[in-house]
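Take a look at the structure below.
The values are calculated or read from the model by the stated rules, or taken from the named source; none is laboratory data. Not measured: the values here are computed from a predicted model. Note that we place each Cβ from the backbone using ideal geometry, even for glycine, and neighbour counts take in every protein chain shown. To get the accessible areas, we keep the full protein, side chains included, count just its heavy atoms, and leave off ligands, DNA and RNA. Shrake-Rupley method; radii C 1.70, N 1.55, O 1.52, S 1.80 Å.
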Amino acid sequence: QYTFGMWFGALSMGILCGIVPFKLGKKYGKESWGMAGLIASTIGGLILGIILAIPLAGIFSSIILASKPN
């Protein structure tokens, strides 16, 4: 039961953090970068939890915002 809770919590944290780059990617026409950010944050959340999910979401969000048209 503890293991299931741990995996579920890590997965949900990764998904919640990954929603930010996903939404930004949809807004600025960079769907592939947004999806990559969601997937990377989810996998990072499974590996190290929120410690890795937040930086990955920030990196992909920065990439999307830096490449948006002016």
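Some observations on this one:
- Residues in region 2-28 that are open to solvent by 50 Å² or more (accessible area, probe 1.4 Å) and either under 8 Å from the mean Cα position of the chain (by Cα) or on the phi > 0 side of the Ramachandran plot (or both): Ile15, Leu16, Ile19, Val20, Phe22.
- Scanning region 29-57 for residues that are crowded, with 20+ Cβ neighbours inside 10 Å and of a type in the set (Gly, Ala, Ser), we see that the one that is farthest from Pro69 (Cα to Cα) is Gly45.
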